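To keep things clear, I will list the structure first and then write my remarks on it.
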Amino acid sequence: MIGEFELIKKLTAILKEDTIGDDTAYIKIGDKGLNITCDAFLEDVHFLIHYPPESLGFKAISINVSDIVANGGKPLYGLISLMIPDYIEERFLERIYEGVKAACEFYSLKIVGGNVSKASKLGIDVFLIGEVDRFVSRNGALVGDDVLVTGTLGDSYAGFKLLTSKKAYEEYELRLIERHLRPTARIDYINHIRKYANASMDISDGLSSDLWHIAERSNVVIEINKDKIPISNELKIFASKNHLDPYEIALSGGEDYQLLFSQKKEHFNPFLDNTVIGKVIDKGRALVLMDGKELERKGFDHFKKR
Ligand SMILES: [Mg+2]
C-alpha cells in the first residue's frame, strides 16, 4: 500500500480540488467563514477496547477540535457516527457519551446529530463545524518567521507505551497515560492563532513529519534546534528509565494534539506555554533541517508500519 499522504493526493486529484491539504476545510456561506473537519476514531487503529469508554468519547471530540483550532477556528457544532460491534454493551456506549458530554462542556460545543450502524469493530466518527474569521493554513509560513510549538511533546506516545506494557503505575506514569487517553485540544490558543500565526497545524502525526507538512505546503526551509523541543519532566523520567531518547519520542511520537505554527518574532507571547523551536530561513524549496542536517520524517502513517 502507498503511504497515507500519497493516497490523499491521488484521491483529491480525482476531485480536482486544490483546497484540500489543511487540518480543516475552509468554506464560506454568505460572508460567514466556516471550517469543517471529520476524523474517525477506530478500535485497534487508534484505541484498544479496554480503554475507559469515557476517555474514548472525550478524545474522539478532542482530536477534531484540535484541527479546528489549528486553523484559527472556534468549534461550534458536531455530528457523531457510531459503528457498533455485537460485543459492545449499551452501558459502554452510554459511558462513551458521558465522555462526549464532558468534552462538549469543556470546548463549549454542541453535538446536534449523527447516526449509528453495525460494524465489526467499534468506531467513533466525528464531524465538526467551526466559525473562523481568518483561516490560517499550513501554507503561509514566511522567511524570518519563528517556528513554535505549544505545550510539551512526546507525552502521548510514552503514555501509550505504558498503557500497553504494564498494569500498575507510578504517579508520573499516570500523567503520561492521561495525555494519551484524554488529550485536550488547545482552545486557549484560538485568539493567538487567528491573530498572529502565518501558518499553523496541529501535531497529530509527530513533530518531524508535521514540520515537513508546513515546509512543503509553504515551500520554505525550516531550521529547528533539537534541544529547544519542549519535553515534560514526566517524559524525561520515562525516557531515562527506559533508556530512550526523549527528543526522538517527541519528534516521532504523534498524537500530542499540540499546535505547530509560525509567526513574526514580535508576536511571541511569554504568558503562553509556547516555545520557539526554530525559524523559517529560506523559500522556494521545501526542507526541514535540524541542527544543520536534513530531518528525517518519522511520524504516524496509517498505511505504513513504524
Ligand atoms: Mg490535524
(request) Whole Å is fine, so just give me how far the alpha carbon centre of segment 105-139 lies from that of segment 267-297. (result) 30 Å
(request) Pull up the DSSP beta bridges for segment 213-306 and report the antiparallel fraction as a percent, rounded to 5. (result) 65 percent
(message) Tell me which GluC sites (Glu not before Pro) from segment 45-147 have a DSSP coil assignment and no more than 12 other beta carbons within 10 Å of their own.
(response) Glu89
(request) For the chain, compute Rh as the Kirkwood radius over C-alpha pairs and then the Stokes-Einstein diffusion coefficient at 37 °C and 0.692 mPa s; write the answer in µm²/s, rounded to an integer. (result) 166 µm²/s
(request) Taking only Cα atoms and a 10 Å spring cutoff, compute GNM fluctuations for the chain and point out the largest among Arg138, Arg194, Arg95. (result) Arg95
(message) Suppose the Debye formula is applied to equal point scatterers at every Cα of segment 15-156; what is log10 I(q)/I(0) at q = 0.16 Å⁻¹?
(response) -0.91
(request) Determine the percent antiparallel among the DSSP beta bridges restricted to the chain, to the nearest 5. (result) 75 percent
(request) Quick one: compute a quarter of the convex hull surface over the Cα atoms of segment 1-74 and quote it in nm². (result) 6.7 nm²
(message) Helix-only estimate, please: 222 nm mean residue ellipticity of the chain, summing -39500 (n - 2.57) across DSSP H runs of length 4 or more and dividing by its residues, to the nearest 500.
(response) -10500 deg cm²/dmol
(request) Choose one of Ser62, Gly151, Thr37: the residue whose Cα lies farthest towards the positive end of the charge dipole of the chain (beta-carbon charges +1 Lys, Arg; -1 Asp, Glu; about the Cα centre). (result) Thr37
(request) Take every Cα-Cα distance within segment 146-294, group them into 10 Å bins from 0 onward, and report for each bin the whole-number percent of pairs it holds. (result) 11, 42, 32, 13, 2, 0
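None of the figures in this text is laboratory data; all of them are computed from the coordinates on show. Computed from a predicted structure; not experimentally measured. Glycine gets a Cβ as well: all are built from the backbone with ideal geometry, and neighbour counts include every protein chain shown.
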